[in-house]
Amino acid sequence: MGNTKTKVYAVIGIIFMMFTVLAFVPPFQKDVVFFVAYIFGIMAILYQIYVFKISFGKSDEPKSYFYGFPIARVGAFFLLLQLVMSLIEMCFATIIPVWIAVIINILLLSFALIGCIASEVMRDEITRQDMKNKSDVSNLRLLQAKSASFVSICRDEDVKRALQSLTDELKYSDPVTSEATKEIETKLISLMDNIQESLEDGDIKSVENFCMLTKACLAERNKLCKYEK
């Protein structure tokens, strides 16, 4: 991230230098319109630092970069449009009224700000939903992993079949947690802990009983999932 940041700042510096050269080397009329155009052009260049930070500065994860591209695209489009508009205003500074130049540049800046804010809100909401979905399936993933591990360590064939049946039912259960299923999933996790303790103690009868209770509890949870849809 540090190397990328240095390169981005270098590019921004080069654009700043090129724009300043294009503004002051040609024989433009250096009046109020010229300096309005120049100041808004510089603001558009410096604005890219803010755009870069909100686009890619929150995380080093590749997915975060992917979500940040729409914001960066809005910023880059604004920069190109503003620089072109600034150069046009400099070329025709003697005939463009100051108030028109000010209004045009403020409108461009306002649209850019609105576009970046909207893109950032959308990015944050997508990220929030993504994180929510990840946490929503964690309970079932935990139960599935535990059940599969019980099958591999169990030596009694009858109990092993019961555990395998439980594993299959967990595998084909709806993995998404909702508010309605949180309480029963907590109970399922507790029952799985009881199965683990019984296996470690060699209490086969208790394992079978807890398997039946877990299946009944899982069936109740699956019904709740269906009612939620």
Given the structure, is GLU120 at pLDDT 85 or above, among the charged types (D, E, K, R) and part of a helix (DSSP H, G or I)?
no
With respect to the numbered conditions (1) touching a residue at least 60 places away in the same chain (Cβ under 8 Å); (2) within 19 Å of LYS223 (Cβ to Cβ), which one is the sole condition not fulfilled by LYS171?
(1)
Scan the range 191-229 residue by residue and report those that are open to solvent by 60 Å² or more (accessible area, probe 1.4 Å) and under 33 Å from the mean Cα position of the chain (by Cα).
LYS223, LYS226, TYR227, GLU228, LYS229
Tell me the residue from LEU107, LEU140 that is assigned to a helix (DSSP H, G or I), within 30 Å of LYS215 (Cα to Cα) and either at pLDDT 85 or above or open to solvent by less than 50 Å² (accessible area, probe 1.4 Å) (or both), please.
LEU140
Quick one: TRP99 ticks every box in (1) closer than 23 Å to PHE78 by Cβ; (2) surrounded by 15 or more Cβ atoms within 10 Å (Cβ to Cβ); (3) among the aromatic types (Phe, Trp, Tyr) except a single one, so which number is it?
(2)
Count of residues meeting criterion [in contact (Cβ under 8 Å) with a residue 40 or more places away in the chain and more than 23 Å from PHE24 (Cα to Cα)] in the range 75-107:
1
Note on the range 1-50: residues hydrophobic (A, V, I, L, M, F, W, C), within 29 Å of the chain's Cα centre (by Cα) and either closer than 18 Å to LEU79 by Cβ or at pLDDT 90 or above (or both) are VAL8, ALA10, VAL11, ILE12, MET43, ALA44, ILE45, LEU46, ILE49
Counting just the residues of the range 197-225 that are touching a residue at least 40 places away in the same chain (Cβ under 8 Å) and among the charged types (D, E, K, R), which one comes out farthest from THR181 (Cα to Cα)?
GLU208
Restricting attention to the range 175-195, report how many residues are assigned to a loop (DSSP other than H, G, I, E, B) and more than 18 Å from LYS146 (Cβ to Cβ).
4
Residue that is farthest from PHE34 (Cα to Cα) [pool: residues in the range 75-96 that are aromatic (Phe, Trp, Tyr) and open to solvent by 30 Å² or more (accessible area, probe 1.4 Å)]:
PHE77
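The values are calculated or read from the model by the stated rules, or taken from the named source; none is laboratory data. Since this is a predicted model, take the numbers as computed values, not measurements. So basically every Cβ, Gly included, is an ideal-geometry build from the backbone, and we count neighbours across all protein chains shown. Surface accessibility is based on the protein's heavy atoms, side chains included, excluding ligands, DNA and RNA. Shrake-Rupley method; radii C 1.70, N 1.55, O 1.52, S 1.80 Å.
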